[in-house]
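Please read the structure below before turning to the comments.
The values are calculated or read from the model by the stated rules, or taken from the named source; none is laboratory data. Keep in mind the model is a prediction, meaning the values are calculated, not measured. Neighbour counts run over all protein chains shown; Cβ positions are idealised from the backbone, glycine included. These accessible areas exclude ligands, DNA and RNA; they are computed on the full protein's heavy atoms, side chains included. Shrake-Rupley method; radii C 1.70, N 1.55, O 1.52, S 1.80 Å.
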Amino acid sequence: TSGCIRPIRLGACKNPLAPSAKMQLSLPMALLVAAAVLATAASAASSRAAVGSPVERVVNLLKDLKVKMEMDEKSEQQVYDKYACWCEKTTARKAAGIKESSDDVRAYGQTILSLKGKVATLASEISELETGIKTNKEEQAQATNIRQRENAAYVAETSELKQAIAALEQAVTVLVAGSQASSLLQAQSAQAKVKAMVDALPASVSMKSDKVMLLSKYLRSGANAKYMPQSFTVQGILKDMYETFVTDLESSTQAEAKANTGFEDLIATKTTELKEMEAEHEKKAGEKAENEQRLADTQQMYDDTTASREADIAFFDETKAACQSKHEDWSTRSSLRDEELAGIGKALDILTSDAARELFGSAIKEGKETGASDKYKTGRDIAPSFVQLASDASPADKAFSALKKSASAGKSFRLAALAVQVKEAKVGHFEKVLVAIDAMVGTLKSEGTADIEKRDQCKNEYLKVESTVKDVEWKIEKNDAKIDKLAGLIELRTQQKMATVASINEVEEQMRTLTEDRTAENSAFKNAKVEDQQAIDLLMAARDAMAKFYKKNDIAMGPIQGSVKGVFAQQEPEFSVSADQAPDAVFSDKSKRKGESKDIVSILTYIIEDLNDEIKNGMKGEEEAQVDYEAQMAAAQQLHDELVAKKVSLESAIAKMSEERSLEIEDMEENHKLLQDEVDYKKSITPDCDWIIRAFEGRAKARASEMNGLVGAKEFLVGKSSLIETSKTATFDDSALSKVRFLGLRR
């Protein structure tokens, strides 16, 4: 369905009313025609005998016929051009529509595949969500059921414990009161309380056998139990049981509270997960419904477009066949008309020449000749070649004529040979000829059947080859598209890999820089710390040296301040004395300068404390810097690991896509090989198939002509005649056979 059939000459869609090329005369030709017309007119005027003669009337009739035929040709040329224009436009429009429909069908098909994949994925995800929702609800129901059973057991157990504790409390109270009084009534009441306590004990409580025996003995002792020393033992047993039961009740209550808290946390978590899954389920279900609707719409458009394309293809094929048939009809009609016009033109040339006019003027007389006898031979066979006249020829001659005519029409050498065989056969001995005719008829039928089979086989093979070629070309197109897509993906992944490698190198460089900076900072910190410590040691040594004197002589300097404020605030005393007055010779006390010494020691202490604080701040900064370094290194290492994993993933993807691309290239090469095989096969059958398809109609017509000749000859030979005969006397010519010519005969 590709391409546009152009069964007519180019420019068929021009103005259909324009005269055809055959009808247009050049200027020199027009001048020649005009000169010929003038010469004819002059000749006719000079020839009195030809004026109004039968020949001139024939010439006029021929001219009228020629004009009418030329007008017919012009009119039919316009009709043909109009039809040819329609063929060109219609086939081009349909071919464009078919190509567009094919592109749409391909696009719809790809969309359908994509939507089917999305719907299947969503259906799987929805199924998983439904399973998760069901499991979540089942787990909540199971946890609730277990919690209810546990709570029921707790309620039952604590109820029994509470009853037992109350009974124990009452029994102990009565026993204690009974041990201090001598009332028989109180003793009996104590035994009743103990018995009620024993009855209220939970079934799960187990007691040692000696305690059980004591309780039993006490309950059997009666009113004298108050004087029995075992009553105190019973009180001890009951107090121990009371404390045990209280402890068990507290433990059970704590366990119940813990279990209930765990249950509530579990239910809260499950409820949150359930809501998230239900919301996701609703979202996925909406997306699935939307994609299913799109899939249905796209499928409908695909079906409609496919049906429209098939209708266009059928219409295109029918239009192609009709246009081709019309072109062949027009070619045949034009050829026959040209041949007919050529005959008319030749007849006009013969009849209108000067010599012919002069000859007709002197030879043709007015009136009709009468009294002519057929016994006189004029030496001219005036019967038209296309009119069959009756004669008295023999059946062999008639059979010979029929075979000769068919052999000439069909250019059949075997009919010509059979005609010679008929001509040379003896009169009345045509059995062999009849057998040969029957054999040839059978041969013609076999050839017809063989031609039909061969033609049909060739058409089928052409269709198969065309279908296979289109399918393989489509596969090659898909191979090429997939190879390009994979090449693009490989290039993209390679670029991503290179970027990832560059990022890995950058991260490694950052980690190396961080480590180097951290090492340098740590080294600087250590050096500064050592320097500060050494300075502190020197200052402490100086301070100790200053304080040694005062410490040794037990001179109290007072509290040492770590500040230098007021250290240099002392001044020299001012006094005036007489020159005759003896100077004081009183020596200062050993502690006189302790104030100045104290200030100096305070300054040293301040400096020492400041250096010590500097070391502490340095250590704090070092610690923080180390923490930051470790955090940065951890983040960098995590990023490095992720980048390495990404690089490995990209390398795996590149390897996988490269392998897939190699397989696709191999598949495409295989398809190219298959396509070449189909092309070579078509090339090998084309000469024979094209010949049989092209020559089928001609061979069929030739066989039909041969068959008609054989049937006619056979009828003549068996004594039948199918010709229309008219009365005429024939003469036999012995040299006729040697004059027979079969032009253009070929096997």
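Structure above, values below:
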quantity	calculated
Neighbourhood net charge (12 Å Cβ-Cβ; Lys/Arg +1, Asp/Glu -1) for ALA322	-2
Accessible area (Å², 1.4 Å probe, nearest 10) - ASP554	140 Å²
Gain in span if fully extended, THR468 to SER446, counting 0.36 nm per residue against the direct Cα distance	4.7 nm
SER251, SER101, ranked by accessible area, largest first (probe 1.4 Å)	SER251, SER101
Added length on full extension, which subtracts the Cα-Cα distance from 0.36 nm per residue, LYS99 to LYS82	3.5 nm
Under 12 Å from LYS99, Cα to Cα: aspartates and glutamates that are on another chain or at least 8 residues apart	GLU310, ASP312
Among the listed pairs LYS464/LYS683; LYS118/LYS284; LYS66/LYS701; LYS118/LYS288, those beyond 18 Å (Cα-Cα)	LYS66/LYS701
Segment ILE146-SER335, extension gain: residue separation times 0.36 nm, minus the distance between their alpha carbons	57.6 nm
Spatial separation of Cα centroids for the stretch 110-129 and the stretch 511-538, in angstrom	63 Å
Sites ASP677 and ALA123 - FRET efficiency at Förster radius 30 Å, r taken between beta-carbons, to 0.05	0.10
Exposure rank, largest accessible area first [ASP297, ASP451; 1.4 Å]	ASP297, ASP451
Exposure rank, largest accessible area first [ASP532, ASP303; 1.4 Å]	ASP303, ASP532
Radius 11 Å from Cβ of ASP613, net charge of other residues (Lys, Arg +1; Asp, Glu -1)	-2
Two-site FRET efficiency, ALA535 against MET511, from Cβ-Cβ distance with R₀ of 45 Å, rounded to 0.05	0.80
Charge tally in the Cβ shell below 13 Å around HIS640, where Lys, Arg are +1 and Asp, Glu are -1, HIS640 excluded	-2
Inter-label distance for ALA542 and ASP317, nm, one decimal - labels placed 7 Å from Cα along Cα-to-Cβ	11.6 nm
The stretch 614-635-the stretch 433-503 distance, computed between alpha-carbon centres (Å)	76 Å
